[in-house]
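**Student:** This structure is in structure tokens; I'll ask about it shortly.
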Amino acid sequence: MSFVHLHNHTEYSLLDGANSIKKLIARAVDYKMPALAITDHGNMFGVLEFYKEAKKAGIKPIIGMEAYMAPGSRKEKKGGGKGGTKAAYHLVLLAKNNTGYRNLMKLSSLAYLEGFYYKPRIDKEILRQHKEGLIVLSACMSGELFTQLNYGDKKEAIATVEEYLELFGDDYYLEIQNHNIPEEAGYENVYKLAKEMGVPVVATNDVHYLEKGHHDSHEVLMCISSGKSLSDPKRMRYNTTELYLKTVDEMYKAFPGKPEVLERTLEIAEKIDVDIELGKNKLPRYPLPPEFQSMTLDDYLEKLAFEGAKKRYHEWSPEIEERLRYELSVIRKTGFAGYFLIVQDFINYARSKGIPVGPGRGSAAGSLVAYALGITNIDPLRYDLLFERFLNPERVTMPDIDIDFCYERREEVIDYVRERYGERNVAQIITFGTMASKGVIKDVARVLEIDYAEADRISKLIPVHQGKPMKVEEAFQTIPELKKIAESNQEKYQQLIRHARVLEGLARHASVHAAGIIIAPDDITNFVPLYQTEDQNKEKVVTTQFTMGGCEEIGLLKMDFLGLRTLTVINKCVEMVRRKGIELDIDTIPLDDPETFEIFCDGNTVGIFQFESKGMQEYLRKLKPNRIEDLIAMNALYRPGPMENIDTFIDRKFGRQKIEYLHPKLEPILKETYGIIVYQEQVMRIASELAGFSLGKADILRRAMGKKKKEEMARMKVEFVEGCLKNGIDKKIAEDIYELIFKFASYGFNKSHSAAYSVLAYQTAYLKRHFPAEFMAATLTSEIDDTKRIMILIEECKRMGLEVLPPDINHSGADFEVPEPGKISFALTAIKNVGRNAIKNILKVREEHGPFTSLFQFLQHVDLRLVNKKTLESLIQAGALDSLEGNRAQKFAAIEMALKFAQSYQARALNTTQVSLFDLMSGEGNGSEVHDELVQYPALPEVEEWSLQERLNREKELLGFYISGHPLDKFRREIELFSNLDWENPDTFKTNSIVRTGAMITTVKNHMDRKGRFMAFVTFEDKFNSFEGVVFASTYEKFGEHIKEGNLVFVSGKVDDASENSFKMICDEIIPISESRNRMADQVRVTVDISSVTEELIEELYRIIRSHPGTIPLYFDVRTGTNGNGFLLKSRRFRVLLTDELLQQVERLLGKDAVSIG
């Protein structure tokens, strides 16, 4: 007695199937079932994962799909069938053989590309075309046959059966189910009809979850899908607890007296023989130019590589030739010549069209062939980069060249690839969002109607490690607050945890991979099914149904086409510089420019690619980088794990710590990084130079160490030590060296990637130093949709001494521009509710009819469909029309009148046959033209101007910040000195941390506590963001007089609740910001370096201190040597007043970091 489940929904029946593939297959193995099917709704998303997992488990995978069958043509977007409202019937399709598998992929693809109407639908036309190799089951109660019999239309049902018998013969089965649902009595009619017509019947269970006890978790899942709550009487429900993977016994009990319908599942399983080819590369064919048709791809690649290398290297050497020939020999041996030719082809296209391309990314920068072909722009010989890190001849896998393009023009390159290699051969890649622990807690809580704030609080208690949240099970067992919730015995929490455990990790939705592109040798649906979705701009995008990993396993060529904002910034900046008459080739700038390195040394890296974070800035000030190698190392070190070596790296650079090597042979490998292993390439070099490993074998060791493969590592340790012994290295030292590289290998960074991105960072710093206004304008334009980021960049402009001019309809452009040295004009498209098309039209009209002088004259010639009431409201409130007659309030009040005037003017101007007042004013009688200067404009209404606060508030609403100046601007120094809040670093406002910062009070809600004392809920706002504060009665009694809307204060307190973007705090202290310096400063500390002190300097310092007497204690941090050591002296004679003048004078004398406040 045996049975095979043929109707199973996995998690890829998105938000309907609650089965993880791994657990489903493991359960089938437990039940000793010989085979198992996957039949997700309308898709094949999970097929490859299912196939591999089943093969691994020793169970036969049956590949299928529960298709949606349109009642008429798939192309008709309407309901049909019985009742006329059916969008689609269900039909189970199983692949009998490889032909059937290919046809299943075709059908699933066409369902999305041609038949989508609520669901991805096929129809009988394409089923007929792609019928070969398929087994068909008539499906569940939503099947066409069941529906016809249910409506009593037996004649039509017979016709349907006959139609499918004609198509599929012995491979057509009628399907019956029993889930104890009353409506399923209709299956008896299906069974009877089968007997009458001699058609075989097969029993299935419509499996949606793993265990019977999961039925209510499945109900929760459907509520997540529909947005309903569990208590909603109108929510969709199955009204059964039987949709689980039943045992053989349970299935036989469900169909008493019909053993043949169960045994027939084995007949079907035995018919099936599908073998999906994995691991064999399926590269697209690179079309050789006509004049080189006689060449092989390898010969043509060699020709291009040598030509390119000789252009790159003006001084040819045997070393260059040897490296190039070696790489080409490996490429020839591995069969990847076509791959390199394809990549250089689309990169050459991009460059020919002026599309910025990155210097390199990932390990590809280690290839001399890639450098010679122009794929990368980083010299691997100059930076000692290794080819084997990219393409290992001893572990052949498809090379992986990821390319950065200007993010505005990335799509042009993808379009070229489609055109070059065939529209049907190219697709983007699908990716799936999953229900990770934090998200599933929120999803389930909503369905259970648990308060959002409570759900959010619980979700935030789940810790995150290296970007991955802890699993639900572990979190509720180990985190004290969560453990307490789990042990509370409150029913709502018990349900929350139970359902979250079941649903955690399931796929939630499908979307488009940010960068991945698949290029197939012919029609992609011969290898992988396709899916159609929408991107962020609501444009239709065709993707694979298999994930990136799956596509690669099939052997398809995967490319990552990444859109990199930095390339766009560099390109726009260089364009602006060229408009000034300065020719600049960013790829030939000197890489040893001292002024550029000053940007890094001073930590002034806002806007600098990869080096912008506050933590990085602090380390840069300590490191004082003066060569590109320092930047490459810092880029590699500044990440979790290696960060602990940064201080050692810096101390060794300045001689404060001795550099020691376990063996002299390590010195040439590690000298560049002061004896510290920073790069993966150094691990490989050590294994090669000391243990005699080939670089290919050294890369295998690096991978084994990085992935902690114990058996492989143990074997290779023996080989490593033996190799060292052969090279005359003592066994103990060899073992110590092995342990050293093991320690660093797990987080050593890819030098190729770090080098490429550090050069890119250097280029941005070069532009910032030598063309500051153009660089900042380009950077601002690149962030035009991120108001918080715009504000940070405007602050940086102010620090740099650049003036950002307010938006002005007569002078501003669509983007941020540099109208004159040291000034940046605000982009009109950065104003909310003002579309780019409206601005484009305004700028065109300005060129023809500008400058604008009044609201009425401005509107005369613009397209009023684009420049509408909403656009005008936004422009006026943002201050963009300030150069026109009248104040903002007047212009705002005149909008409707001005629009009517413009409509009337444009209507008359269009009707040239109409003689009117306009025509008479023109001085002509024929109405052929209208002169603006003779038009009489209405007067603006007499309206009082808005108050300063209202103007600022409206600006903020439209721009996201105060362009006219923030009230906190004059207290910038106080905030620099005493605030510890950094909005770009969530660690500074995480739960339970103490926050101290300057802010404006925007709203106050006073309350009485239970004891009748005043307390308040306050909204604070600084220049970048807002946050909430609770002021309890004890704090209110002390500081209540300062808690008023509009007040500028310094507030400190403990963070009670934090999100990614803001927080709520319990306020402990609120004082006027004007008093913050002398109330918050406990000491002023002045750093004096003895090595640079002169008598004149001491005299000048003495004069400055004496002229600023006050009450704050003064300390001198005296540095006595290059190692940074020294001692602290407290001044007995002087106390100071903390003024801007004191700070500026001391910093001018001793340096920017000479004063610190305690």
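**Student:** Can you find a residue that is modelled with pLDDT under 80, more than 52 Å from the chain's Cα centre (by Cα) and outside any loop (DSSP other than H, G, I, E, B) anywhere in region 924-936?
**Tutor:** If we filter region 924-936 for residues that are modelled with pLDDT under 80, which is where we start, we get 924-935.
Pick out the ones that are also more than 52 Å from the chain's Cα centre (by Cα) and you get 924-931, 933-935.
Cutting the leftovers down to outside any loop (DSSP other than H, G, I, E, B) gives us 933-934.
For region 924-936, residues modelled with pLDDT under 80, more than 52 Å from the chain's Cα centre (by Cα) and outside any loop (DSSP other than H, G, I, E, B): present.
**Student:** Would you be able to tell me the number of residues in region 627-648 that are assigned to a loop (DSSP other than H, G, I, E, B) and surrounded by 15 or more Cβ atoms within 10 Å (Cβ to Cβ)?
**Tutor:** Final tally of qualifying residues: 1.
**Student:** For region 516-543, which residues satisfy the criterion of being part of a loop (DSSP other than H, G, I, E, B) and either under 24 Å from Cys223 (Cα atoms) or of a type in the set (Val, Ile, Thr) (or both)?
**Tutor:** If the condition is that a residue be part of a loop (DSSP other than H, G, I, E, B) and either under 24 Å from Cys223 (Cα atoms) or of a type in the set (Val, Ile, Thr) (or both), then Val528 is the only one that fits.
**Student:** Look through region 153-190, keep the residues that are exposed (fewer than 14 other Cβ atoms within 10 Å of the Cβ) and of a type in the set (Asp, Glu), and return whichever of them is nearest to His208 (Cα to Cα).
**Tutor:** Applying the filter and picking the extreme gives Glu183.
**Student:** Follow-up question, since we're still on this one. Anything in region 396-452 that is surrounded by 21 or more Cβ atoms within 10 Å (Cβ to Cβ), of a type in the set (Phe, Trp, Tyr) and not in a strand (DSSP E or B)? List them, or say none.
**Tutor:** Tyr421
**Student:** Pairs under 9 Å by beta carbon, first residue at pLDDT 85 or above and in a helix (DSSP H, G or I) in region 1088-1112, partner hydroxyl-bearing (Ser, Thr, Tyr) and surrounded by 11 or more Cβ atoms within 10 Å (Cβ to Cβ), six or more apart or different chains?
**Tutor:** Taking only residues 6 or more apart or on different chains, the pairs are Ile1105/Ser1131.
**Student:** Let me ask you something else. For Phe1050, only one of the following conditions fails: (1) under 21 Å from Phe978 (Cα atoms); (2) assigned to a loop (DSSP other than H, G, I, E, B). What is its number?
**Tutor:** (2)
**Student:** Sticking with this structure for a sec: Name, by its number, the condition in (1) over 23 Å from Phe546 (Cβ atoms); (2) not in a strand (DSSP E or B) that does not hold for Phe45.
**Tutor:** The single condition Phe45 does not satisfy is (1).
**Student:** To continue, here is another question. From the list His499, His513, which residue is in a strand (DSSP E or B), over 20 Å from Thr991 (Cβ atoms) and not β-branched (Val, Ile, Thr)?
**Tutor:** Criteria check complete, one pass: His513.
**Student:** Now, a different point. Which condition breaks for Ser108 when tested against (1) part of a helix (DSSP H, G or I); (2) modelled with pLDDT of 95 or more; (3) surrounded by fewer than 20 Cβ atoms within 10 Å (Cβ to Cβ)?
**Tutor:** The number of the failed condition is (3).
**Student:** Let me ask you something else. Taking Phe50 as the residue in question, decide whether it is among the aromatic types (Phe, Trp, Tyr), closer than 26 Å to Gly133 by Cα and free of Cβ contacts under 8 Å to residues at least 60 places away in the same chain.
**Tutor:** In short, yes.
**Student:** Another question, then. Would you be able to tell me the number of residues in region 986-1035 that are among the basic types (Lys, Arg), surrounded by 13 or more Cβ atoms within 10 Å (Cβ to Cβ) and outside any loop (DSSP other than H, G, I, E, B)? It would help to see each step written out before you state the result.
**Tutor:** Of region 986-1035, the ones among the basic types (Lys, Arg) are 990, 996, 1005, 1010-1011, 1013, 1023.
Cutting the leftovers down to surrounded by 13 or more Cβ atoms within 10 Å (Cβ to Cβ) gives us 990, 996, 1013, 1023.
Next, only the ones that are outside any loop (DSSP other than H, G, I, E, B) stay: 996.
Residues that pass the stated criteria total 1.
**Student:** Continuing with this model, one more query. From Leu230, Leu243, grab the single residue that is touching a residue at least 12 places away in the same chain (Cβ under 8 Å) and within 15 Å of Leu6 (Cβ to Cβ).
**Tutor:** That would be Leu243, the only listed residue that is touching a residue at least 12 places away in the same chain (Cβ under 8 Å) and within 15 Å of Leu6 (Cβ to Cβ).
**Student:** Here is a further query. Please indicate, with yes or no, whether at least one residue in region 557-573 is over 26 Å from the mean Cα position of the chain (by Cα), on the phi < 0 side of the Ramachandran plot and modelled with pLDDT of 95 or more.
**Tutor:** no
**Student:** Same structure, new question: Being part of a loop (DSSP other than H, G, I, E, B) and of a type in the set (Phe, Trp, Tyr) is true for just one of Phe546, Phe600, Phe561. Which residue is that?
**Tutor:** When all the criteria are applied, what remains is Phe546.
**Student:** Could you list, in sequence order, the residues of region 287-319 that are in a loop (DSSP other than H, G, I, E, B) and closer than 13 Å to Ile331 by Cβ?
**Tutor:** Thr296
**Student:** When the residues of region 1076-1101 are narrowed to those that are more than 45 Å from the chain's Cα centre (by Cα) and surrounded by 12 or more Cβ atoms within 10 Å (Cβ to Cβ), which ends up nearest to Phe978 (Cα to Cα)? Steps first, answer last, please.
**Tutor:** Of region 1076-1101, the ones more than 45 Å from the chain's Cα centre (by Cα) are 1088-1101.
Add one more test, that the residue is surrounded by 12 or more Cβ atoms within 10 Å (Cβ to Cβ), and what stays is 1088-1089, 1093, 1097, 1100-1101.
Details: Val1088: 22, Asp1089: 25, Val1093: 29, Leu1097: 28, Glu1100: 27, Leu1101: 24 Å.
The selected residue is Val1088.
**Student:** Additional query: Taking the residues in region 48-63 that are in a helix (DSSP H, G or I) and of a type in the set (Gly, Ala, Ser) as candidates, determine which candidate is farthest from the chain's Cα centre (by Cα).
**Tutor:** Ala57
**Student:** In region 870-904, what count of residues is obtained for those that are within 16 Å of Leu828 (Cα to Cα) and either crowded, with 20+ Cβ neighbours inside 10 Å or touching a helix residue (DSSP H, G or I) at 6+ places or on another chain (Cβ under 6 Å) (or both)?
**Tutor:** 11
**Student:** Being charged (D, E, K, R) and either surrounded by 14 or more Cβ atoms within 10 Å (Cβ to Cβ) or under 24 Å from Arg418 (Cβ atoms) (or both) is the filter here, so list the residues in region 277-298 that pass it.
**Tutor:** Selection gives Lys282, Arg285, Asp298.
**Student:** If you don't mind, another one. Filter region 458-476 for residues that are part of a helix (DSSP H, G or I) and either surrounded by 15 or more Cβ atoms within 10 Å (Cβ to Cβ) or not charged (D, E, K, R) (or both) and give the result.
**Tutor:** Listed by number, the residues that qualify are Ile458, Ser459, Lys460, Val472, Ala475, Phe476.
**Student:** Give me the pairs: first residue in region 1146-1158 and within 17 Å of Phe978 (Cα to Cα), second residue among the acidic types (Asp, Glu) and exposed (fewer than 14 other Cβ atoms within 10 Å of the Cβ), beta-carbon distance under 8 Å, and six or more apart or on different chains, which are they?
**Tutor:** Here the result reads Gly1158/Asp1082, each pair linking region 1146-1158 to a residue that is among the acidic types (Asp, Glu) and exposed (fewer than 14 other Cβ atoms within 10 Å of the Cβ).
**Student:** Scan Leu881, Leu866, Leu855, Leu899 and give me the residue that is within 42 Å of the chain's Cα centre (by Cα), of a type outside the set (Asp, Glu) and under 22 Å from Val935 (Cα atoms).
**Tutor:** Leu881 is the lone residue from the list that is within 42 Å of the chain's Cα centre (by Cα), of a type outside the set (Asp, Glu) and under 22 Å from Val935 (Cα atoms).
**Student:** State yes or no: is Lys56 surrounded by fewer than 21 Cβ atoms within 10 Å (Cβ to Cβ) and modelled with pLDDT of 95 or more? Give the steps one after another, and end with the answer.
**Tutor:** Working: surrounded by fewer than 21 Cβ atoms within 10 Å (Cβ to Cβ): yes; modelled with pLDDT of 95 or more: yes.
Considered against the rule, which asks whether it is surrounded by fewer than 21 Cβ atoms within 10 Å (Cβ to Cβ) and modelled with pLDDT of 95 or more, Lys56 comes out as yes.
**Student:** Give the residues of region 19-42 that are under 22 Å from Met222 (Cα atoms) and in a helix (DSSP H, G or I), sorted by residue number.
**Tutor:** Those that are under 22 Å from Met222 (Cα atoms) and in a helix (DSSP H, G or I): Ile21, Lys22, Lys23, Leu24.
**Student:** Something else now. Has region 580-588 got any residue that is among the basic types (Lys, Arg) and more than 17 Å from Met776 (Cβ to Cβ)?
**Tutor:** Scanning region 580-588, I find no residue that is among the basic types (Lys, Arg) and more than 17 Å from Met776 (Cβ to Cβ), so the answer is no.
**Student:** Here's something else I'd like to know. Would you check if Lys32 is surrounded by fewer than 16 Cβ atoms within 10 Å (Cβ to Cβ) and in the same structural domain as Glu263 (by TED's automatic domain parsing)?
**Tutor:** Working: surrounded by fewer than 16 Cβ atoms within 10 Å (Cβ to Cβ): yes; in the same structural domain as Glu263 (by TED's automatic domain parsing): yes.
So Lys32 fits the description; yes.
**Student:** Could you grab me the full set of residues in region 210-230 that are in contact with a helix residue (DSSP H, G or I) (Cβ under 9 Å, 6 or more places away or on another chain) and either of a type in the set (Ser, Thr, Tyr) or closer than 22 Å to Val190 by Cα (or both)?
**Tutor:** Ser217, Ser229, listed by residue number.
The values are calculated or read from the model by the stated rules, or taken from the named source; none is laboratory data. As the structure is a prediction and not an experimental result, all values here were calculated from the model. Glycine also receives a Cβ, built like all others from the backbone with ideal geometry; neighbour counts cover every protein chain displayed.
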